[in-house]
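Encoded as structure tokens, the structure appears first; notes follow it.
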Amino acid sequence: MEKNINFEMKTIETSMTHTNLNNNTPLFGLGVEFETARDLYHAAEKVRDAGYKRWDTFSPFPIHGMDQAMGIGKSWLSALVFIGGLTGFSLACFMEFGASSFLYPLVVAGKPTNIMTIPAFFPIMFELTILLSALTATFGMLALNGLPRWNHPVFNWDRFKKVTEDKFFIVIEAEDKKFSIEKTMAFLNSLGGAHVTPICEDAPVSSQTVDYRL
Amino acid sequence: MSNGTATLESTLLSPAEKQVQRPPLVLNKRTMAWISSYVSTIVESDTPRWWWISIAITSPIALLTPLLLCYLVSTGVGVWGNNSPVAWAWDITNFVFWIGIGHAGTLISAILFLTRQKWRTSINRAAEAMTLFAVVCAGLYPLFHVGRVWKAYFLAPVPNANAIWQNFRSPLLWDVFAVSTYFTVSILFWYTGLIPDLATIRDRCTTKVKKFIYGILALGWRGANRQWRHYEMAYLLLAGLSTPLVLSVHSVVSFDFATSVIPGWHATIFPPYFVAGAIFGGFAMVLTIMLPARALYPQLHDMITPSHIDKMCKVILLTGSIVGYAYLMELFMAWYGANPYERDAFWYRAFGPYWWAYASMMFCNVISPQVFWFKWCRTNVVAVFVVSMFVNAGMWFERFVIIATTLARDFLPSSWGMFHPTWVDIFTFIGTFGIFTTLFLLFVRFLPMICMFEVKAVLPEADPHYGEEH
């Protein structure tokens, strides 16, 4: 335990110096890197149990069961898509019956537009339901994810480039109510990852120049 | 595992995995970094010489189509060979041919996703791209088939000066909605799948220009789990929406024929028969383009494995047999229906002036894929390629047989006639192959051909409980 405390103290010192070096730009949060999906998964469970709220895990691919490990619920994108689908269906009904019943009534093969001839209107209702659902699924997903966006503070961290290749990260934001640079850094060090690094809002940070693990 | 030969790996496997060991989806125990670098280097490395040679051949061919369409519009519809009685000739044949090819891509990306067929991950990206390019080629034909292409907006329900509205009960209008929806949804599905991989390329880029372009295309993706959960839901929903869509598109295309009263077209068997044929022809086209791509990029061999080719051959065998059954059932119904017009229509198909098209169709679609009952044929790349070329040709003949032979011989002998393609017909069609291959070459060069993040996710170490005993 004594060794551990000693280690923490050193880490804090270096990190403080480092933040000062960057003209006191505001701190976005603290990041830690993991080698495998399994390590990330178990670390995420610990962050969840520690009670942090404003944090995220980053991985090259979606990890099965990570939502539970992070303690976040199911995506409610499906509700948006349901509304999108209903809109498409209503639009098709409005368009088809508006035109065929009121604006330009047609008798096709001796059959007027009425309840008996509705099946012939189904294909376009179906297609527009699918079309608007799919548009809602894609653009709704982007909107819920806050995309597209030009940049994000996590990209200031040089090691973060590997997130789309084969490395796994946890970042706890400074905005979190439980966040304190000393305690959170000690906590992240205890998770078994590497390269615990303070990430600045708008200045590049490097884990290569200063080794925070010492 | 008690025989003392347990390796380190086998001790890491869970008891369930020890019982049944599935063949690995990625061969040679490749790592995630290997997948990223091998797929990305295709995009990052210098343009290979074969690529320049190929595109130098395909792009002039691709130019044929727009030039000949200009010629068509500026001169008049008579430059095409379609005329009464064969009013839907090569243009609709080629439309159905190309739109059918697209179906394999959506089947791989949507239906195999919903049925959790993990082997799809290394072929879905290229198959989806193929879908888009095939639909581009397909869409040209009905657009120009309307004759006055500058009036094509009449198909869209917009208020116009004539106060005329569309007939929403027409299968041709259903087709407009089905094909445009299909194209839009295919683009959305494809691009959604590309976002995380574009982010990989962005993070590997060395030059500023590339970083800017791929950065814009990746939309700021950062792989956060709070993003992944919406992303996975969106992907699941898109797969769920595309599945009925892909089945509906070719059904609607078949309604163009089936809802008419022409003998040989008026058949309830058409929708399932068309869908099976579309998947059949589409898988053949996937193999036709993936086998050369795999030969040119040997690093793909570990991701597009012989097992993938084997599975695609089995799909071709299954759908080819369904198509063969439909051909025979059509003949049976014509005979059993005891309608003289229907009987004559099929008699002329098989023994009339277009017998050669019917015979080619039967040979290419029904007989040739039967060699896939033998494992040797499914694992021999040359044999697979030859059969897939037969199927491509056979599916074109099928559409030609359905359209041309039926219209050439309808009720009254006085209105019988033959269709002869003009040189404009022929070169416009050849040009669409140029468009298709040029777009595919550009895709291979500038976008990741394999869905990297999905392939990483099927590696054993992607499991968060990898190596843990339960």
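The values are calculated or read from the model by the stated rules, or taken from the named source; none is laboratory data. A quick note: this is a predicted structure, and the numbers were derived from the prediction, not measured. Note: ideal-geometry Cβ built from the backbone for every residue, glycine included; neighbour counts use all protein chains shown.
Tabulated data
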{"read-out": "The range B:202-220 - residue that is in a loop (DSSP other than H, G, I, E, B) and more than 7 Å from chain A (Cβ to nearest Cβ) and, of those, nearest to the chain's Cα centre (by Cα)", "value": "B:ALA218"}
{"read-out": "B:GLY431 vs. criteria out of contact with any strand residue (DSSP E or B) (no Cβ under 7 Å at 6 or more places or on another chain), part of a loop (DSSP other than H, G, I, E, B), within 30 Å of B:PRO353 (Cβ to Cβ) and not hydrophobic (A, V, I, L, M, F, W, C)", "value": "no"}
{"read-out": "Residue satisfying condition, being surrounded by fewer than 21 Cβ atoms within 10 Å (Cβ to Cβ), farther than 29 Å from B:ARG120 by Cβ and either out of contact with any His (no Cβ under 9 Å at 6 or more places or on another chain) or modelled with pLDDT under 90 (or both), within set B:LEU27, B:LEU12, B:LEU69", "value": "B:LEU69"}
{"read-out": "Test: residue in the range A:41-50 that is without any contact (Cβ under 8 Å) to a residue 40 or more places away in the chain and crowded, with 22+ Cβ neighbours inside 10 Å", "value": "yes"}
{"read-out": "Residue check, B:PRO340 within 21 Å of the chain's Cα centre (by Cα) and either over 24 Å from B:ALA89 (Cβ atoms) or among the charged types (D, E, K, R) (or both)", "value": "no"}
{"read-out": "Scan of the range A:85-121 for residues that are aromatic (Phe, Trp, Tyr) and modelled with pLDDT under 95, ordered by number", "value": "A:PHE94, A:PHE97, A:PHE102, A:TYR104, A:PHE121"}
{"read-out": "Single condition B:LYS456 does not satisfy, out of (1) surrounded by 18 or more Cβ atoms within 10 Å (Cβ to Cβ); (2) assigned to a helix (DSSP H, G or I); (3) within 14 Å of another protein chain (Cβ to nearest Cβ); (4) touching a Lys or Arg at 6+ places or on another chain (Cβ under 9 Å)", "value": "(4)"}
{"read-out": "From the options B:ALA56, B:ALA134, B:ALA126, residue that is at pLDDT 90 or above, surrounded by 16 or more Cβ atoms within 10 Å (Cβ to Cβ), out of contact with any Cys (no Cβ under 8 Å at 6 or more places or on another chain) and hydrophobic (A, V, I, L, M, F, W, C)", "value": "B:ALA134"}
{"read-out": "Members of the range A:40-55 that are more than 9 Å from every other protein chain (Cβ to nearest Cβ) and touching a strand residue (DSSP E or B) at 6+ places or on another chain (Cβ under 8 Å)", "value": "A:ALA43, A:VAL47, A:TYR52, A:ARG54, A:TRP55"}
{"read-out": "Test set (1) under 27 Å from the mean Cα position of the chain (by Cα); (2) over 29 Å from B:HIS308 (Cβ atoms); (3) aliphatic (A, V, I, L, M) - B:MET361 fails condition number", "value": "(2)"}
{"read-out": "Options A:LEU77, A:LEU103, A:LEU91; residue that is closer than 30 Å to B:MET32 by Cα and out of contact with any strand residue (DSSP E or B) (no Cβ under 9 Å at 6 or more places or on another chain)", "value": "A:LEU77"}
{"read-out": "Test: residue in the range A:141-153 that is touching a residue at least 60 places away in the same chain (Cβ under 8 Å), under 23 Å from the mean Cα position of the chain (by Cα), closer than 30 Å to A:GLY73 by Cα and surrounded by fewer than 21 Cβ atoms within 10 Å (Cβ to Cβ)", "value": "yes"}
{"read-out": "Hey, A:THR164 facing chain B (nearest Cβ under 7 Å), within 25 Å of B:ALA234 (Cβ to Cβ), without any contact (Cβ under 8 Å) to a residue 24 or more places away in the chain and buried (at least 21 other Cβ atoms within 10 Å of the Cβ) or not", "value": "no"}
{"read-out": "Selection status of A:ALA174, modelled with pLDDT under 85, more than 11 Å from every other protein chain (Cβ to nearest Cβ) and in contact with a strand residue (DSSP E or B) (Cβ under 7 Å, 6 or more places away or on another chain)", "value": "no"}
{"read-out": "Single condition B:MET452 does not satisfy, out of (1) in contact with an Asp or Glu (Cβ under 8 Å, 6 or more places away or on another chain); (2) closer than 23 Å to B:ALA62 by Cα; (3) of a type outside the set (Asp, Glu)", "value": "(2)"}
{"read-out": "Tally of residues being more than 8 Å from chain B (Cβ to nearest Cβ) and closer than 28 Å to B:ASN162 by Cα across the range A:114-138", "value": "6"}
{"read-out": "Of residues in the range B:141-176 being in a helix (DSSP H, G or I) and either among the charged types (D, E, K, R) or touching a strand residue (DSSP E or B) at 6+ places or on another chain (Cβ under 9 Å) (or both), the one farthest from B:CYS70 (Cα to Cα)", "value": "B:ASP175"}
{"read-out": "Any helices (runs of 4 or more DSSP H) falling wholly within the range B:294-403 and containing at least 3 residues that are within 21 Å of B:TYR273 (Cα to Cα)", "value": "B:306-336, B:340-351, B:355-361, B:381-400"}
{"read-out": "One residue from B:TRP416, B:TRP423, B:TRP376, B:TRP396 being at negative phi, buried (at least 20 other Cβ atoms within 10 Å of the Cβ) and not small (Gly, Ala, Ser)", "value": "B:TRP396"}
{"read-out": "Among (1) within 13 Å of chain A (Cβ to nearest Cβ); (2) surrounded by 19 or more Cβ atoms within 10 Å (Cβ to Cβ), the one test that B:GLY467 misses", "value": "(2)"}
{"read-out": "Residue ID - nearest to B:THR121 (Cα to Cα), chosen from residues in the range B:156-175 that are crowded, with 16+ Cβ neighbours inside 10 Å and free of Cβ contacts under 8 Å to residues at least 24 places away in the same chain", "value": "B:LEU173"}
{"read-out": "Identity of the residue in the range A:24-50, in a helix (DSSP H, G or I) and more than 16 Å from A:ILE172 (Cα to Cα), that ends up nearest to the chain's Cα centre (by Cα)", "value": "A:ALA37"}
{"read-out": "Contacts under 9 angstrom Cβ, first residue in the range B:277-302 being closer than 16 Å to B:THR438 by Cα, partner of a type in the set (Ser, Thr, Tyr), 6 or more apart", "value": "B:MET285/B:SER388; B:VAL286/B:SER388; B:THR288/B:SER388; B:ILE289/B:THR437"}
{"read-out": "Per-region count, the range B:248-266, residues over 21 Å from B:PHE168 (Cβ atoms) and under 25 Å from the mean Cα position of the chain (by Cα)", "value": "1"}
{"read-out": "Residues of the range B:222-280 classified as more than 8 Å from chain A (Cβ to nearest Cβ), assigned to a loop (DSSP other than H, G, I, E, B) and under 30 Å from A:TRP76 (Cα atoms), total", "value": "0"}
{"read-out": "Answer from B:LEU287, B:LEU296, B:LEU300 - the residue that is among the aliphatic types (A, V, I, L, M), under 15 Å from the mean Cα position of the chain (by Cα) and closer than 30 Å to B:SER37 by Cβ", "value": "B:LEU287"}
